[in-house]
Amino acid sequence: DAVLHRDRDLAGRSVVVTAGPTIEDIDPVRFLSNRSSGKMGYAIAQAAVARGARVTLITGPTSLPPVAGATMVPVRSTEDLLHAVQQVIEAADVFISAAAPADFRPVERLGHKWKKSSGIPALALEPTPDVLAMVAEHKRRNQVFVGFAAETQDALAYGEDKLRRKNLNYVVVNNVLEQGAGFGVDTNRVTVLGEGGWRTDFPLLPKAEVAERLLDIVRDALQSL
Ligand code: CTP
Ligand code: CA
């Protein structure tokens, strides 16, 4: 029975999950962000708790209830996310980066609300830190790191590139324009890519079941380390 098989199979493991969007403030009332709902990351954290792991869920702003049994760490910006991950990554066995960090931020944040009467703001942008790539530079052999790749075209090629470039064990690829795999929905259709051309395609599944199957892969990887 698949459910019994998964019972407590992550006991004693420390799992860090990131979820949701991050927010980059323009002024006290306006911001840059994206359409991430956080559902995939929360489902992973919940499944990991149920399987006995010690779970830290570092989350950008979402409308989801906290995951019972997980240590919840709320963050706002990508910089906040970086710092929160850096606090806990050393002690982690598993890092699953399901967050959709904002990739760009205003070079300066205005202290007062920009008025329309002042014209269109120039809004100079700069890149935010790539949290996953930065922490994966220090990945130990006995840690398993999983990234996500949300794409709208050439998903597998971009996913393969992220796997290599970010030094990951696995990357979970999805095409967010596909039916049932987009933002805010309760299902996902993903392909998991691993080192050495390893690949598995999941059918369209509830995000809770995607989470379980992903944790099966992670558990097997931990056991073979
Ligand atoms: N990621 C991150 N920090 C960022 C951007 C992305 O940690 N500043 C992580 C995400 O959590 C995800 C992976 O990197 O696990 C890939 O994110 P994605 O947005 O698909 O790729 P990017 O590298 O940001 O490239 P692009 O958005 O241009 O496709
Ligand atoms: Ca991105």
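The values are calculated or read from the model by the stated rules, or taken from the named source; none is laboratory data. What you see is a predicted model; the values in this text were computed from it and never measured. Every residue, glycine as well, gets a Cβ built from its backbone with ideal geometry; the counts of neighbours run over all protein chains shown. Areas reflect the complete protein model, heavy atoms only, side chains present, ligands, DNA and RNA absent. Shrake-Rupley method; radii C 1.70, N 1.55, O 1.52, S 1.80 Å.
Express the relative contact order of the stretch 32-87 as a whole percentage, based on alpha carbon pairs under 8 Å and six or more residues apart in sequence.
30 percent
Please give, to one decimal in nm, the separation of the simple spin-label points placed at residue 186 and residue 130, each 7 Å out from Cα toward the Cβ.
Result: 3.5 nm between the two label points.
What relative contact order, as a whole-number percentage, does the stretch 41-146 give when Cα pairs under 8 Å and 6 or more residues apart are counted?
Computed over the stretch 41-146, the figure is 25 percent.
Find the centroid of the Cα atoms in the stretch 87-130 and in the stretch 58-74, then give the distance between the two in whole Å.
If we compute the Cα centre of each part, the gap is 19 Å.
Let a ≥ b ≥ c be the square roots of the eigenvalues of the Cα gyration tensor of the stretch 139-225; is it rounded (a/c under 1.5), or, if not, prolate (a/b larger than b/c) or oblate? Could you put the intermediate results ahead of the total?
On the way: a/c = 2.28, a/b = 1.38, b/c = 1.65.
It is oblate, given that a/c is not under 1.5 and a/b is not larger than b/c.
Tally up the carbon and sulfur contribution to the accessible surface of the stretch 116-204 as a whole percent, 1.4 Å probe, everything protein left in place. Mind showing how you got there, number by number?
Values: 2570 of 5070 Å².
Ligands and nucleic acids excluded, carbon and sulfur give 51 percent.
Hey, can you grab everything whose amide H is under 5 Å from the amide H of residue 105? Only 5+ residues off in sequence or another chain; H modelled, so Pro and N-termini drop out.
Excluding prolines and chain starts, which carry no amide H, the hits are 126, 128.
Quick one: accessible surface of residue 220, probe radius 1.4 Å, all protein chains present, in square angstrom to the nearest 10.
Taking all protein chains as shown, residue 220 has close to 80 Å².
Hey, what's the chain come to in accessible area per residue, 1.4 Å probe, Å²?
Numbers: 11570 Å² over 225 residues.
Counting only protein heavy atoms, the per-residue value for the chain is 51 Å².
Can you pull the accessible area of residue 201 for me, 1.4 Å probe, Å² to the nearest 10?
It works out to around 80 Å².
Helix 207-223 against the longest principal axis of the chain: what's the angle in degrees, Cα atoms only, rounded to the nearest 10?
Between the helix axis and the principal axis of the chain, the angle is about 60 degrees.
Got a sec? Charge dipole of the stretch 61-199, +1 on Cβ for Lys and Arg, -1 for Asp and Glu; which of 175, 128, 99 is way out at the positive end?
128
Considering only the chain, what is the antiparallel percent among its DSSP beta bridges, to the nearest 5? Provide the component values of the computation, followed by the final result.
Values: 15 of 40 bridges.
Antiparallel bridges: around 40 percent, rounded to the nearest 5.
Would you work out the Kirkwood radius for the stretch 1-143? I mean one over the mean of 1/r across all pairs of different Cα atoms, in Å. Write down the numbers at each step before the final one.
On the way: mean 1/r = 0.0609 Å⁻¹.
The Cα-based Kirkwood calculation yields 16.4 Å.
Taking only Cα atoms, what is the 0 to 90° angle, nearest 10, from helix 155-165's long axis to the longest principal axis of the chain?
Around 90 degrees separate the two axes.
State the antiparallel share, in %, of DSSP beta bridges confined to the stretch 1-67, rounding to the nearest 5. Display every interim value, and only then the final one.
Numbers: 3 of 9 bridges.
Counting only bridges with both partners in the stretch 1-67, antiparallel ones make up about 35 percent.
Obtain the nm distance between the two label points defined at residue 179 and residue 165 by a simple spin-label model: each point lies 7 Å from its Cα along the Cα-to-C-beta direction.
Going from the residue 179 label point to the residue 165 one covers 3.2 nm.
Can you tell me what share of the DSSP beta bridges in the stretch 120-205 is antiparallel? A percent to the nearest 5 is fine.
On the way: 8 of 14 bridges.
Just about 55 percent of them are antiparallel.
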